[in-house]
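Worksheet: the structure to be examined is printed underneath.
The values are calculated or read from the model by the stated rules, or taken from the named source; none is laboratory data. The structure presented is a predicted model; accordingly, all values stated were derived computationally and were not measured. With ideal geometry, Cβ positions are generated from the backbone for all residues, glycine too; neighbour counts draw on all protein chains shown. Side chains included, ligands, DNA and RNA excluded: accessible areas come from the protein's heavy atoms. Shrake-Rupley method; radii C 1.70, N 1.55, O 1.52, S 1.80 Å.
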Amino acid sequence: MGKRKAPADEDTPNHDFCEFLLELAEYEKNVSRNIHKYNAYRKAASVLSALPTRITSGSQAKKLNGIGEKIAKKIDEFLATGKLQKLENIQNDSKNAAINLLTRVSGIGPAKAQSLVNEGITTLEQLDKHKDKLNHHQIIGLKYFDDFEKKIPRQEITEIETVIQKHLRQLDPDIQITICGSYRRGKDESGDIDALITHPSYLRKKNKNTLKNVVGALQKCGLITETLSLGDTKFMGACKLEEGSVTRRLDIRLTPYDQFFCAVLYFTGSDMFNKEMRAHALEAGFTLNEYSLRPVGSTGVPGEPVEIHSERDIFDFIGYPFKTPEERSR
Ligand code: 8DG
Ligand code: CA
Ligand code: CA
């Protein structure tokens, strides 16, 4: 997953509010480790970013779904003073800054970052001298710290997709690949590459070697350069288009054919959109995840998965107006 969350869209009328809300969200996730507050700030930023007009007071903002008293007060403070004292304090605390920095290393989560900082490791240089404290994923994350923070231009992902497609065809012409994530939502640049593969003969029963064969072929041709983890259904690693190119984060997931559309929907995101869609599914009496859509009976026990033949089917079943991938970005 992209580690540095995209800054708020600069050309929306409320982007400065979104910016401080997203920064507070990162603080809650990385330092306080309060996932509820993290979600609340993200939700508020998402609501504000979709507004076509400028918010001029906290009380006006409070009328919006997802903005309560506390965030309204922050908007008033920001409007009055042009800053937020809470955020200034957070930014001026060197321990917070160190935790935030270390969580930008792929594989280092908030808990690991805190324990490193508690041991006195606060910079990447110090981290480099204490690689014994890191696992394989984190060591690779540190090695490619700069590369992994660089956004990937859309064109480069298209080229990588073409290379993958060529090798998949040689392996088995029936394997299908879809690049999901922000790329599928039409973004000009992405934080990483989220590839989903499936095969018509892969229905529940797993072929243990499919993903390993795919990864092997892509290593052999030089595209895949690092492996962070590799299981039967999920590869996490890195790839490089050619010698001298930037090293990119690449995830590949193998999904059963009958779960393909739920997986495509889930991995296309955005994660805020997924949250909204899951909430809507629940209201309509369904439970939705990356594997299936299932009706929930009055007992609360999910039934058998609904048969799905397209992404649109999922929207139809829960009575949610269809949105193209490009419309799912907030
Ligand atoms: P980016 O890489 O350009 O930053 O954006 P992205 O493609 O939207 O984000 P991502 O972090 O790569 O995640 C890909 C999709 O996976 C995301 O759009 C929706 C889905 N997803 C969730 N929740 C989570 C989660 O907690 N972690 C990850 N890695 N993916 C998630 O809905
Ligand atoms: Ca990802
Ligand atoms: Ca992504």
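Classify segment 152-255: rounded, prolate or oblate, from the alpha-carbon gyration tensor (a ≥ b ≥ c, eigenvalue square roots; a/c under 1.5 rounded; otherwise prolate if a/b is larger than b/c)? Taking the square roots of the gyration eigenvalues as a ≥ b ≥ c, segment 152-255 is prolate. Accessible area per residue for the chain is 51 Å², calculated with a 1.4 Å probe on protein heavy atoms, without ligands, DNA or RNA. What you get for the chain, charging only the Cβ of Lys and Arg (+1) and of Asp and Glu (-1), is a dipole of about 700 debye around the Cα centre. When you filter the trypsin sites (Lys or Arg not before Pro) in segment 221-269 for DSSP loop state and at most 13 other Cβ atoms inside 10 Å of their Cβ, nothing is left.
Computed in the context of the full set of protein chains, the accessible area of segment 1-92 at 1.4 Å probe radius has 52% of its extent on carbon or sulfur. The GluC sites (Glu not before Pro) of segment 10-44 meeting both criteria, a DSSP state outside H, G, I, E and B (loop) and at most 10 other C-beta atoms within 10 angstrom of the site's C-beta, are GLU10. Remark: the Cα gyration tensor places the chain in the oblate category, a/c being 1.5 or greater and a/b not exceeding b/c. Between ASP128 and THR162, the FRET efficiency from the beta-carbon distance, with R0 = 35 Å, is close to 0.45.
Surface composition of segment 270-327: carbon and sulfur atoms hold 53% of the protein heavy-atom accessible area at a 1.4 Å probe.
In this Cβ point-charge picture (+1 for Lys and Arg, -1 for Asp and Glu), segment 100-149 has a dipole of about 160 debye about its Cα centre.
Close lysine pairs were tallied over segment 152-255: pairs 8 or more places apart or on different chains with Cα atoms under 23 Å apart number 15. Overall, the accessible surface of segment 100-149 at a probe of 1.4 angstrom is composed of carbon and sulfur to the extent of 48 percent. Bridging of LYS73 to lysines at a Cα separation below 19 Å is possible for LYS37, LYS43, LYS62, LYS63, LYS83, LYS86, once same-chain residues fewer than 8 apart are set aside. The dipole here belongs to segment 240-308: it is taken about the Cα centre, uses +1 on the Cβ of Lys and Arg and -1 on the Cβ of Asp and Glu, and is about 180 debye. Could you pull out which residues in segment 14-30 have an amide N less than 20 Å from a spot 7 Å beyond the Cα of ASP93, following the Cα-Cβ vector? Residues 20-30 fall inside that zone. When the trypsin sites (Lys or Arg not before Pro) in segment 1-109 are filtered for DSSP coil states and for at most 14 other beta-carbon atoms within 10 Å of their beta-carbon, the remaining sites are ARG4, ARG33, ARG54, LYS63, LYS83.
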